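Undergrad: Here it is: the structure, laid out below.
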Amino acid sequence: MTRSPLAEPARPAIAFPPDRSDPLAPPVEYRVLRDSAPASRITLYDGSEAWLLTRYDDVRAVLGDLRFSADARRDGFPFVSAAVRASVGGRTPFFRMDPPDHDRIRRMLTRDFMVKSIDALRPRISAIVDRFLDQLLAQPQPADLVQEFALPIPSAVIAELLGVPYEDHEYFQTRGKRMLSRSSTLQESAQSVVDLREYIGKLAERRRTDPGDDVLSRLVVERELTGELDHEDVKSTGLLLLVAGHETTANMIALSVLTLLRHPEQLAALRADLSRVRDVVEELLRFLSVVHSGVPRVALEDVEIAGVVIREGEGVIASVPAANWDPAHFAAPEVFDIDRDARRHVAFGFGIHQCLGQPLARAELEIALTTLLDRLPGLGLAESGEDGGGGPEFAPEKAVYGLHRLPVTW
C-alpha cells in the first residue's frame, strides 16, 4: 500500500501542542487541520514526530482499533512531554498496557467503579462537598475556588475510596502536579513518580496485616497475597488511581464553574432546574475536554486512517478536544449549549481503554455543581484585581488542562 499525498506533507511538522488563543477553546489549528489535513505530522517536545488526528470518526477509529497500541514501552510511542514520559517510569500502569495484561488488571478494579457502586457512594460525596463548601464560605471574599473547593473534593473522595489518609493530601497533590506538568524537568517528574510509588507501597504493606474497606486493601488481600498481582503492580495501580482520581476531576470542577459563570443565560437555565445537571455535565465534558494533549497510541502494523497510511512503529495522537469540537458530529461545537445531547463525546476516551473512573467523575461533578449553585445563589467571578490578582489563572502546562486559581465571590 502506498502513501497518499497527505502522508508526505510539504510543510514542516507542526509543533505540538499548539497554544490556545481562547483559554476555553481548543487551539484554532485543530479546526484548520480537521478541514484540510485531518491526519497531520507533528513535532513533539523531544524532536520526534507523530501523527495528529483531528476528526471525531478517526479518533474513535484509532481508539477502538487494537492495531494501535497503548503500551508506552513500545518503540515509537509518542510522549507529549518529558513529564508524561517520566509518569510511566517503573512498572507500567495498566492503562498503558494492551490486552491481556490491561484487561486482567482492569477487571480487578471494575466492581469499585461500577455505576451501582458509585451511586452507593453519592451520600458520602455529598457530605464531603458540603464540608469543603462550608470551609469556602468561612474564607474572606474573594476566595480561590480551586484551592478551597475544586481540588480538595476529588482529593478527599479518591483518598477515602483508595484508602489513603487525606491528611497527606499536600504531599500527593504536590507530587501529582509536578509529575504531570510540562514545565517540570524529566528529573523532577521522575522523582515525583518514585516518591508516590513508594508512598503507595508503604500503605499497601500495612494493608497486609491491617486491611480496611478500601480499594488498596482489596488489591493487597485479594490480588497480591493470592499471587495474581505482584507488589510493583499494586504500587503502579494505586499511583494511577490516586493521581488520575483527583487531578482530572479537580480541573473539570473549576473549569465547569468558570464556563457556567461566563454563560449567564445557560447558568440561569440550570439554576431554574437543577435536575438537568446530568445533561449539563455531559456538555461540559464535551466543551472543555481536559485531556487536551490527546490520547497517544503507536501503530502495530500499517493502517490507513484519514487518507494516509500510518506505518508500523509510528506514533499517533488522537486529539480529544478536536474530536469533541467536530461539526460533523456536534452542530456549532464552539457554542456551549446545555440543551445539546452531548453523550457521544469522547472526553473519557473510547474503546477498551476508556476511563475506568468515569462514573465517579460524573457523580462528583454533578454533586459539586448542584450543591454549589444551590447554596450560593450569588456566586460570581471576582473583579480583576479585587484580590490583588488578575482573575482566573489557566494552566496550559498541565497534562490535564485546568486552572491554577479561580477567585470568586458570593
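The values are calculated or read from the model by the stated rules, or taken from the named source; none is laboratory data. Everything quoted here is computed from the prediction, not taken from an experiment. FYI the Cβ positions are ideal-geometry reconstructions off the backbone, even for glycines, and counts take in every protein chain you see.
Undergrad: So, of the residues in the range 1-23 that are buried (at least 17 other Cβ atoms within 10 Å of the Cβ) and part of a loop (DSSP other than H, G, I, E, B), which turns out to be modelled with the lowest pLDDT?
TA: The extreme case among them is Ala13.
Undergrad: A further question on this structure: Checking Ile158 against (1) buried (at least 23 other Cβ atoms within 10 Å of the Cβ); (2) of a type in the set (A, V, I, L, M); (3) at pLDDT below 95, only one condition comes out false. Which one?
TA: Among (1) buried (at least 23 other Cβ atoms within 10 Å of the Cβ); (2) of a type in the set (A, V, I, L, M); (3) at pLDDT below 95, the lone unmet condition for Ile158 is (3).
Undergrad: Another question, then. Out of all the residues in the range 306-326, which are closer than 22 Å to Ile352 by Cβ and either assigned to a loop (DSSP other than H, G, I, E, B) or modelled with pLDDT under 95 (or both)?
TA: Once the filter is applied, which keeps residues that are closer than 22 Å to Ile352 by Cβ and either assigned to a loop (DSSP other than H, G, I, E, B) or modelled with pLDDT under 95 (or both), the range 306-326 yields Ala306, Glu312, Gly313, Glu314, Ser319.
Undergrad: From the set of residues in the range 340-398 that are more than 17 Å from Gln147 (Cβ to Cβ) and over 24 Å from the mean Cα position of the chain (by Cα), which is surrounded by the most Cβ atoms within 10 Å (Cβ to Cβ)?
TA: Filtering the range 340-398 for residues that are more than 17 Å from Gln147 (Cβ to Cβ) and over 24 Å from the mean Cα position of the chain (by Cα), the one surrounded by the most Cβ atoms within 10 Å (Cβ to Cβ) comes out as Arg375.
Undergrad: Check Phe348, Phe336 and return the single one that is touching an Asp or Glu at 6+ places or on another chain (Cβ under 9 Å), aromatic (Phe, Trp, Tyr) and touching a residue at least 12 places away in the same chain (Cβ under 8 Å). Break it down stepwise before answering.
TA: Details: Phe348 fails: touching an Asp or Glu at 6+ places or on another chain (Cβ under 9 Å).
Phe336 is the lone residue from the list that is touching an Asp or Glu at 6+ places or on another chain (Cβ under 9 Å), aromatic (Phe, Trp, Tyr) and touching a residue at least 12 places away in the same chain (Cβ under 8 Å).
Undergrad: Hey, another quick one. Under 9 Å between Cβ atoms, which residue pairs at least 6 apart in sequence (or on different chains) link something in the range 220-246 that is touching a residue at least 60 places away in the same chain (Cβ under 8 Å) and closer than 16 Å to His102 by Cβ with a partner that is among the polar types (S, T, N, Q) and surrounded by fewer than 24 Cβ atoms within 10 Å (Cβ to Cβ)?
TA: Ser236/Thr92
Undergrad: Here is a follow-up. Please count how many residues of the range 94-111 are among the charged types (D, E, K, R) and either under 19 Å from the mean Cα position of the chain (by Cα) or not in a helix (DSSP H, G or I) (or both). Show your work before the answer.
TA: To start, the set of residues in the range 94-111 that are among the charged types (D, E, K, R) comprises 96, 98, 101, 103-104, 106-107, 111.
With either under 19 Å from the mean Cα position of the chain (by Cα) or not in a helix (DSSP H, G or I) (or both) added as a condition, the list becomes 96, 98, 106.
Count: 3.
Undergrad: Going through the range 221-255 one residue at a time, which ones are of a type in the set (D, E, K, R) and outside any helix (DSSP H, G or I)? Give the derivation first.
TA: Keep residues of the range 221-255 that are of a type in the set (D, E, K, R), which gives 222-224, 228, 230, 232-233, 235, 247.
Once the filter is applied, which keeps residues that are of a type in the set (D, E, K, R) and outside any helix (DSSP H, G or I), the range 221-255 yields Glu228, Asp230.
Undergrad: A follow-up question, please. Select, from Gln135, Gln139, the only residue that is out of contact with any Leu (no Cβ under 6 Å at 6 or more places or on another chain), assigned to a helix (DSSP H, G or I) and more than 18 Å from Leu255 (Cβ to Cβ). First the steps, then the outcome.
TA: On the way: Gln139 fails: assigned to a helix (DSSP H, G or I).
Within the list Gln135, Gln139, the selection yields Gln135.
Undergrad: Go through the range 306-323 and give me each residue that's touching a Leu at 6+ places or on another chain (Cβ under 7 Å) and more than 11 Å from Val346 (Cα to Cα). Outline the logic, then answer.
TA: First, pick out the residues of the range 306-323 that are touching a Leu at 6+ places or on another chain (Cβ under 7 Å): 306-308, 312, 316-319.
Ala306, Gly307, Val308, Glu312, Val316, Ile317, listed by residue number.
Let's see how each residue does on (1) within 30 Å of Lys116 (Cα to Cα); (2) touching a His at 6+ places or on another chain (Cβ under 7 Å); (3) of a type in the set (Phe, Trp, Tyr); (4) assigned to a loop (DSSP other than H, G, I, E, B):
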{"position": "Pro333", "(1), (2), (3), (4)": "no, no, no, yes"}
{"position": "Asp339", "(1), (2), (3), (4)": "yes, no, no, yes"}
{"position": "Gly349", "(1), (2), (3), (4)": "yes, no, no, yes"}
{"position": "Cys355", "(1), (2), (3), (4)": "yes, no, no, yes"}
{"position": "Leu360", "(1), (2), (3), (4)": "yes, no, no, no"}
{"position": "Thr370", "(1), (2), (3), (4)": "yes, no, no, no"}
{"position": "Val408", "(1), (2), (3), (4)": "no, no, no, no"}
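Undergrad: Next question. Within the range 170-213, track down each residue that is without any contact (Cβ under 8 Å) to a residue 60 or more places away in the chain, surrounded by 16 or more Cβ atoms within 10 Å (Cβ to Cβ) and among the aromatic types (Phe, Trp, Tyr).
TA: Answer for the range 170-213, where residues must be without any contact (Cβ under 8 Å) to a residue 60 or more places away in the chain, surrounded by 16 or more Cβ atoms within 10 Å (Cβ to Cβ) and among the aromatic types (Phe, Trp, Tyr): just Tyr199.
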